[in-house]
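A quick write-up on the structure given underneath.
FYI, it's all coordinate maths here, none of it is from the lab. Remember, it's a predicted structure, so these values are computed and weren't measured experimentally. All Cβ positions, glycine included, derive from the backbone under ideal geometry; neighbour counts span all protein chains shown.
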Amino acid sequence: MAKPLLLGRKEIARIYNIAPTAVSDRWVPQGILSYEDAAIVSGKPFWPGGFVVDLALPPGSRGRQLDVGALEKLEHEQGAGVRPMKKGELPPLVGAKEYGELFGVTEVAVGQAVQRDTGMLPDADYVLSDSRVWLLSTVLEAAEATMAKSRRATWVLNSDVVEALREDRYEGPGSFISKRGKSASQQQP
């Protein structure tokens, strides 16, 4: 399977020449984008590339104009070969929170393993909106090396989490967008 084009809010901002905050502050409230259309990885939304590209208005009209050069550069950087239209077309994705759940360690331990750069973890398939994202297949290919290099064998692959991610039924840490700021402190009815 060809690697899909995947975009977070910073990548969307880049190809539409807008501020990253415009994605969550304007595009989502106006209904241009919906979190329902995004894959949620480590609590952040990532949209399928074809879906985002199709949001462009015709050239010469006012509003959402796609920067084709920026899009081509982004596709090249990602090594993307397809532009999926729906989140259901995306392969299972793993961020630091899901990585921790897969191996029974904390998100902090995942971050430390990345920073140590000892080869314990594979290189991320994407860096989207400053977050590392791996394809589940990449994580599984490196699983034996990850477990072998873990201190005191603390990293152990959890097959239940693997299956939940494969079957798109994972509901653990990182599977939803966490409320931030003022809304996080308000009581839910």
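Mind checking which of A124, A153, A80 has the largest fluctuation in a GNM of the chain, springs on alpha carbons under 10 Å?
Of A124, A153, A80, the most mobile in the Gaussian network model is A153.
Which of the pairs K44/K87; K10/K44; K44/K149 have their Cα atoms more than 23 Å apart in this structure?
Details: K44/K87 14 Å; K10/K44 12 Å; K44/K149 29 Å.
In this structure, K44/K149 exceed 23 Å between Cα atoms.
Where Lys and Arg each count +1 and Asp and Glu each count -1, what net charge lies around M85 among other residues with Cβ under 12 Å from its Cβ? It would help to have the intermediate numbers written out before the result.
Numbers: positive: R83, K86, K87; negative: D37, D54, E89.
Once all neighbours under 12 Å are counted, the net charge is 0.
Just want to confirm a number: the relative contact order over the chain, from Cα pairs under 8 angstrom separated by 6+ residues, in percent. Don't skip to the end; give the middle numbers.
Details: 262 pairs, mean separation 46.5, N = 189.
About 25 percent, as a whole number.
Do the sum for the chain: with -39,500 (n - 2.57) for every DSSP H run of n ≥ 4, divided by all residues, what is the mean residue ellipticity at 222 nm, to the nearest 500 deg cm²/dmol? Each step should come with its number before you reach the end.
Values: 9 runs with 67 residues, N = 189.
The helix-only estimate for the chain comes to -9000 deg cm²/dmol at 222 nm.
What aspartates and glutamates sit close enough to K73 to cross-link, taking a C-alpha to C-alpha distance under 14 Å and skipping anything fewer than 8 places away on the same chain?
Answer for K73, where 14 Å is the Cα cut-off: E11, listed by chain and number.
Could you work out how far helix 107-116 tilts from the main Cα principal axis of the chain, as a 0 to 90 degree angle to the nearest 10?
So the helix axis and the longest Cα principal axis differ by about 90 degrees.
Under the definition of Cα pairs under 8 Å and six or more residues apart, what whole-number percent is the relative contact order of segment 47-100? If you can, show how the numbers build up before the last one.
Numbers: 31 pairs, mean separation 24.1, N = 54.
Relative contact order for segment 47-100 comes out at 45 percent.
Show which aspartates and glutamates lie in cross-link reach of K86 when reach means a straight Cα distance below 14 angstrom and same-chain residues fewer than eight apart are skipped.
Within the straight-line cut-off, K86 pairs with E36, D37, D54, D168.
Work out the charge dipole of segment 32-189 with +1 on the Cβ of Lys and Arg and -1 on the Cβ of Asp and Glu about the Cα centre, then indicate which of F51, S137, A113 is farthest towards its positive end.
Among F51, S137, A113, the one farthest towards the positive end of the dipole of segment 32-189 is A113.
Of the options S24, P92, Q78, report the single residue whose Cα projects farthest towards the positive end of the charge dipole of segment 1-108 (beta-carbon charges: Lys, Arg +1; Asp, Glu -1).
It is S24, whose Cα lies furthest towards the positive end.
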